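Asks: Okay, handing you the structure first.
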Ligand code: ADP
């Protein structure tokens, strides 16, 4: 192994390399579910062989997306730090140059370097600078050049299959919507994780992390002050919160004081955001994590509603202002008599699965919560009705009011057939949500920001967002 230090002086000046980042998951606060997901990856990275024996492979690419300053770089470094692997970082904008061939050559350089130290981590910040949709508007020029670079990334990531050397590529962006869908395909950046603005509890946790090396008059006073700052900093990023504490420290030193006090903290806060208002956060507000879950649920329902449009009762709008166990999506008054075919019944089962499927996809099977619980009941009831009451399935043409009307062997037949419909519905629903993941994320973003989104906006996003092709699902 060569010394990593020499890398910095090599021609690959755009790469920053660290033998070890020294960053751990303790340095990142708030959004615990992100850490849980990434810890899983670290576990696999550390015990690669053991997991491979069980048929579990580490993803090749992880894409972190969210506003600047929310800790994406920090998380990438924490993965490297926790797994004890060297860290190679570059910025997407470094690949875009005036000279032909430079982008592709630089990408190659980055991967060659990382591979020679494998297992290792590559981090590409602002990956959208090089990985935006091909054939789109060429903002800032250098289109062909960028395309070469993007193709090179794809080639390098696909090449891992043959080599045994494990390199995990982590990308970061705040423009998921403009990324080329080729990047998001299976075997590339197929693990997509949103890093959002912290909740009030998250902000408090972040403030505690950055107050570790600061002096306060007492633990109790520190805690009270941090609570107060957390309340006043709705929509602040982790980076901004860190700045507030640093700034407060500087103000304190300037006054020749030993301890950070309330005055310094509030002054620092004012400087950070220009002005701020007190009491802007409603205390009865929905907790941040629940809001995120609601937003994903509604976004998934919206995407499925676009995928299987229902002309006789079009959807109108949805929001995350209220919590119910059923989706908030509102539909127009049914006009006239619905003319339902068998496929409409089946599509409605697929649609009903959306809340459950997205929650599992984003938060993991062990971390489901009640806001998707009625989806499973709803979907299986729909399947049951199709089988028992329409006479349109292999079950037969008789009509049964409900399951209670069935003799035992028919009950077993119903069970088997319903399971088949449910399996198809869940698989189809996951495939649609994977194909339209980018639209789901964009709608989620808008819901988190504006609380509400209407049908027109939803349809526009659905139409414009990049799609990730999925294999067909067999009925
Ligand atoms: P991004 O890559 O998303 O733009 P960074 O990782 O560069 O954000 O964040 C800048 C700094 O802000 C971090 O180094 C860290 O000190 C602080 N920070 C941001 N988010 C968090 C967080 N969730 N917990 C702790 N510190 C944070």
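Asks: From the list 375, 354, 383, 379, exactly one residue is at pLDDT 95 or above and either under 20 Å from the mean Cα position of the chain (by Cα) or closer than 26 Å to residue 403 by Cβ (or both). Which is it?
Replies: 354
Asks: Among the residues of segment 68-82, which ones are out of contact with any helix residue (DSSP H, G or I) (no Cβ under 7 Å at 6 or more places or on another chain) and more than 7 Å from the ligand (Cβ to nearest atom)?
Replies: 76, 77, 80, 81
Asks: Restricting to segment 192-209, give me the number of residues that are within 11 Å of the ligand (Cβ to nearest atom) and either over 18 Å from residue 235 (Cβ atoms) or touching a strand residue (DSSP E or B) at 6+ places or on another chain (Cβ under 6 Å) (or both).
Replies: Within segment 192-209, residues that are within 11 Å of the ligand (Cβ to nearest atom) and either over 18 Å from residue 235 (Cβ atoms) or touching a strand residue (DSSP E or B) at 6+ places or on another chain (Cβ under 6 Å) (or both) number 3.
Asks: From 208, 194, 293, 297, grab the single residue that is within 31 Å of the chain's Cα centre (by Cα), closer than 25 Å to residue 328 by Cα and at pLDDT 95 or above.
Replies: 297 is the lone residue from the list that is within 31 Å of the chain's Cα centre (by Cα), closer than 25 Å to residue 328 by Cα and at pLDDT 95 or above.
Asks: Could you please tell me which pairs satisfy a Cβ distance under 6 Å, a separation of 6+ or placement on different chains, a first residue in segment 212-235 that is farther than 17 Å from residue 270 by Cβ, and a second residue that is assigned to a loop (DSSP other than H, G, I, E, B)?
Replies: 215/259; 216/259; 217/259
Asks: Considering segment 21-43 alone, what residues qualify as being in a helix (DSSP H, G or I) and either more than 26 Å from residue 443 (Cα to Cα) or near the ligand (Cβ under 8 Å from one of its atoms) (or both)?
Replies: Within segment 21-43, 25, 26, 27, 39, 40, 41, 42, 43 qualify.
Asks: Sort through 468, 461 and tell me the only one that's assigned to a loop (DSSP other than H, G, I, E, B) and under 18 Å from the mean Cα position of the chain (by Cα). First the steps, then the outcome.
Replies: Values: 461 fails: assigned to a loop (DSSP other than H, G, I, E, B).
One residue alone meets the criteria, 468.
Asks: Take the conditions buried (at least 16 other Cβ atoms within 10 Å of the Cβ), more than 11 Å from the ligand (Cβ to nearest atom), part of a helix (DSSP H, G or I) and at pLDDT 95 or above and apply them to residue 225. Does it pass?
Replies: Yes, satisfied.
Asks: Another question, if that's okay. Any residue at all in segment 129-146 that's surrounded by fewer than 18 Cβ atoms within 10 Å (Cβ to Cβ), away from the ligand (no atom under 16 Å from the Cβ), modelled with pLDDT of 75 or more and closer than 22 Å to residue 59 by Cα?
Replies: Among the residues of segment 129-146, not one is surrounded by fewer than 18 Cβ atoms within 10 Å (Cβ to Cβ), away from the ligand (no atom under 16 Å from the Cβ), modelled with pLDDT of 75 or more and closer than 22 Å to residue 59 by Cα, which makes the answer no.
Asks: Right, something else. Among the helices (runs of 4 or more DSSP H) lying completely within segment 44-133, list those that include at least 1 residues that are more than 27 Å from residue 209 (Cβ to Cβ).
Replies: Where helices (runs of 4 or more DSSP H) fall fully within segment 44-133 and carry at least 1 residues being more than 27 Å from residue 209 (Cβ to Cβ), they are 48-53, 102-116, 128-131.
Per-residue answers, yes or no, for (1) buried (at least 20 other Cβ atoms within 10 Å of the Cβ); (2) more than 12 Å from the ligand (Cβ to nearest atom); (3) in a helix (DSSP H, G or I):
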residue	(1), (2), (3)
153	yes, yes, yes
172	yes, no, no
182	no, yes, yes
189	yes, yes, no
230	yes, yes, yes
236	yes, no, no
247	no, yes, yes
251	no, yes, yes
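Asks: If you go through segment 44-67, how many residues are closer than 16 Å to residue 171 by Cα and away from the ligand (no atom under 14 Å from the Cβ)?
Replies: Of the residues in that region, 4 qualify.
The values are calculated or read from the model by the stated rules, or taken from the named source; none is laboratory data. The shown structure was predicted, so the numbers you read here are calculated from the model rather than taken from an experiment. Note that we place each Cβ from the backbone using ideal geometry, even for glycine, and neighbour counts take in every protein chain shown.
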